[in-house]
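Report on the structure given below.
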Amino acid sequence: MFLYDISESGMSINLITFTFIVGTLALMLFSFTLITFLIIHKKKQYRNLLEKQQMESNYQNQLLLSKLEVQEQSFKYFSEEIHDNVGQMLSIVKMQLYNIKNSSREQEVVTKASDCTELLGKAINDLRNISHTLNSAFISNAGLADAIEKDLEYIHSARDMKCILHRSGEEYEMENEKELMVFRIIQEAVSNAVKHASASAIDVYLHYQPEKLNVVIADNGKGFDTGERCKSGIGLNNMHVRAELLKGKLEVVSEKNKGTTITLSIDNTETSLLNETTGA
């Protein structure tokens, strides 16, 4: 009887141990399954959130691109109107003044007609330059650096400002879309310096690097409060929008009476700007 009790007690202990081990393993398996499920679920949630953010970003970029395309179409229309209509009409007026100068015998009339012809010729040339810088096709054909140079030459001629383009590194071409956006950023920055800064000198730097293009636009104007202007300035907002679409970095540094420096840095990639935005 004593031996039987000992045997029965040992079996009970073994059963308890076995049950404990099985229960522990079952609990561990359940915990592992639950943790795995939670990790997969969180990853799926995170992936869905990223996809949603990407879709929203693509949608916003598409809207921005559409606005810029409408703006470019407007620029093209104005460019064609200036070239085809206004320019031609002024050329006809110039010819009439030239005829008056040659046919008149009164010295005063000849002198005034000659002066008017000269002024009209300058106006026609200025309009031609404006027409070129508004037309995206001209910018694509001329290339980024040459288009900037022509724009600065026009400003120098029209405003008697010192405008210099500095180039460094081995120049290369980017996609037309990117070059056009970089040109518009520079054009906006230069225009702001001319209109608002009362600057007498503007320097544009193109630093070509194998993997990156750095652009610097500096003026010696009166400067401004970047915090206030960035909130309300349409021109600065347009520059930031274009820089964002280029996936670049735009930095504006300005101090009152100490001029303004705008720096744009973009990666030199082969990916199409439109494909990047649409995710194609």
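Laboratory data are not the source of any read-out in this text; all were calculated from the coordinates shown. Bear in mind that the values here come from a model prediction, so they are computed numbers and not experimental data. Positions of Cβ are generated from backbone atoms using ideal geometry, with glycine treated the same way; all protein chains shown enter the neighbour counts.
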Once the piece of chain linking residue 127 and residue 48 is laid out straight, how much longer is it, given 0.36 nm per residue of separation minus the C-alpha distance between them? 23.2 nm
Listed pairs 52/249; 52/247; 122/162; 101/162; 162/256; 42/178 exceeding 30 Å between Cα atoms: 101/162; 42/178
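Viscosity 1.002 mPa s, temperature 20 °C: what is the translational diffusion coefficient of region 100-195 from Stokes-Einstein with a Kirkwood Rh over Cα pairs, rounded to a whole number of µm²/s?
137 µm²/s
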Euclidean distance of C-alpha centroids, region 89-129 and region 164-189, integer Å: 37 Å
Please give the net charge around residue 104, taking every other residue with its beta carbon less than 15 angstrom from that of residue 104, where Lys and Arg add +1 and Asp and Glu add -1. 0
Quick one: Karplus J couplings for region 116-133, per residue in order, coefficients 6.51, -1.76, 1.60, θ = phi - 60°, nearest Hz, x for Gly and Pro? 5, 4, 5, 5, 5, x, 5, 5, 5, 5, 5, 5, 5, 5, 4, 4, 5, 6
Loop-located trypsin sites (Lys or Arg not before Pro) in region 82-122 whose Cβ has at most 13 other Cβ within 10 Å (DSSP): 105
Per-peptide average of other Cβ atoms within 10 Å, ordering 168-177, 25-34 highest first: 168-177, 25-34
